[in-house]
1. I need a count of the residues in the stretch 51-69 that are outside any helix (DSSP H, G or I), small (Gly, Ala, Ser) and open to solvent by 60 Å² or more (accessible area, probe 1.4 Å).
2. Are any residues in the stretch 1-55 more than 18 Å from PHE67 (Cβ to Cβ) and either acidic (Asp, Glu) or in contact with a Gly (Cβ under 8 Å, 6 or more places away or on another chain) (or both), and if so, which ones?
3. Considering only residues that are open to solvent by 50 Å² or more (accessible area, probe 1.4 Å) and either touching a strand residue (DSSP E or B) at 6+ places or on another chain (Cβ under 9 Å) or outside any loop (DSSP other than H, G, I, E, B) (or both), which ones fall in the stretch 8-28?
4. Among (1) out of contact with any Ser or Thr (no Cβ under 9 Å at 6 or more places or on another chain); (2) open to solvent by 50 Å² or more (accessible area, probe 1.4 Å); (3) without any contact (Cβ under 8 Å) to a residue 24 or more places away in the chain; (4) not acidic (Asp, Glu), there is one condition ALA31 misses while meeting the rest; what is its number?
Amino acid sequence: MFLTVLSALAALAAFAYWVRYAGNEAPCWSASGIKTTSTALLALIGGLVGAPWLIVLGLALGAAGDFAL
């Protein structure tokens, strides 16, 4: 149940980013936060389910990169 909720939150954050910020070229803290949240939740889910560590690391670094953009 907990993983389902996390997955739904990650999907909701990705959808919210797509609806509100996709294609918007102006930098925005809220856009960075929503995009980072989506990817970070996927990294967390991967760690909780025992995904290979390189996958989890890639997702975590991707979340950091999303925040940096």
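The values are calculated or read from the model by the stated rules, or taken from the named source; none is laboratory data. A quick note: this is a predicted structure, and the numbers were derived from the prediction, not measured. FYI the Cβ positions are ideal-geometry reconstructions off the backbone, even for glycines, and counts take in every protein chain you see. Surface areas here come from the heavy atoms of the whole protein model, side chains and all, with no ligands, DNA or RNA. Shrake-Rupley method; radii C 1.70, N 1.55, O 1.52, S 1.80 Å.
1. Pass one, the stretch 51-69, residues outside any helix (DSSP H, G or I): 51-52, 69.
Next, from what is left, pick out any that are small (Gly, Ala, Ser): 51.
From what is left, the residues that are open to solvent by 60 Å² or more (accessible area, probe 1.4 Å) are none.
Count: 0.
2. Once the filter is applied, which keeps residues that are more than 18 Å from PHE67 (Cβ to Cβ) and either acidic (Asp, Glu) or in contact with a Gly (Cβ under 8 Å, 6 or more places away or on another chain) (or both), the stretch 1-55 yields only ILE55.
3. Correct list: ALA8, LEU9, ALA11, LEU12, PHE15, TYR17, TRP18, VAL19, ARG20.
4. With (1) out of contact with any Ser or Thr (no Cβ under 9 Å at 6 or more places or on another chain); (2) open to solvent by 50 Å² or more (accessible area, probe 1.4 Å); (3) without any contact (Cβ under 8 Å) to a residue 24 or more places away in the chain; (4) not acidic (Asp, Glu) applied to ALA31, the lone miss is (2).
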